[in-house]
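The structure appears right after this line, and notes come after that.
The values are calculated or read from the model by the stated rules, or taken from the named source; none is laboratory data. Just so it is clear, the structure is predicted and the values come from calculations on it, not from any experiment. Cβ placement follows ideal geometry from the backbone for every residue including glycine, while neighbour counts extend to all protein chains displayed.
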Amino acid sequence: MKGPSVKSKKGRPAGTHNESVRCLLLEAARKQFSVREFKAVSIKTIAESAGVNGAMVHYYFGDKKGLYLAMVEQIFAPMFENLSELEGRHYHSIEAFVRTYTRLLAENPWWPNFVIREILFGDEEFRDVIITRIADHLTPGLLRLINEERADGHFRDELDPRYALLSLISMTVFPFLAKPLVESALGVSMDEPAVEALADHTCKLFLSGVRADGAQS
């Protein structure tokens, strides 16, 4: 006899459903929270979008807040993972970050708008979580990379790493924040070839601006 479906069964899901149900809920939460604020999204809406019972949210995440925070963690994980792999004393680490981060944004075009919306207009508790994650994990790593380039003589000695990082992030993120304008006003489709060209342009423009005289290209 066929057992009960994931949607109809309350409590703990069986065997192979464990990870798949959790992933379905995280994906459904991402879709809902990327277009609506926290208070406007219900557990019922998320569960229905995932095709599971609402009890699964409580089982895996405790409550809606727990699901939201797990989703935020999932959003940042690839970026932090990538940055940790790039840290080290080599000239192309900044370039590698720009190229990887640009591709990541292209694959997740909702991401930068979600982060900006939550920082500017989101619930104070969640805003603090996002700012803390960026301040504790993203900013120090990139500042370390820029300082290492200065110490190695690759970047200008008078360069202020904070402003350099601000410029780097702005150049990388803004095209995706303004994607409709970029596509309409500039005729840039932001398809894969355009994204690769954009990453190449950003790398060349940033590195030519911060490079020390006589440093190897």
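Values as computed for the structure displayed
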| quantity | calculated |
| --- | --- |
| Scan of the range 144-194 for residues that are of a type in the set (Gly, Ala, Ser) and touching a Phe, Trp or Tyr at 6+ places or on another chain (Cβ under 8 Å), ordered by number | Ala164, Ser167 |
| Selection within the range 59-72 - out of contact with any Pro (no Cβ under 8 Å at 6 or more places or on another chain) and either over 19 Å from Ile134 (Cα atoms) or without any contact (Cβ under 8 Å) to a residue 12 or more places away in the chain (or both) | Tyr60, Phe61, Gly62, Asp63, Lys64, Lys65, Gly66, Leu67 |
| Pair list, Cβ < 8 Å and 6+ apart or interchain, from the range 119-130 residues that are in the same structural domain as Leu177 (by TED's automatic domain parsing) and on the phi > 0 side of the Ramachandran plot to residues that are in a helix (DSSP H, G or I) and not hydroxyl-bearing (Ser, Thr, Tyr) | none |
| Some residue of the range 2-21 being within 24 Å of Ile116 (Cβ to Cβ) and either at pLDDT 90 or above or in the same structural domain as Glu124 (by TED's automatic domain parsing) (or both) | no |
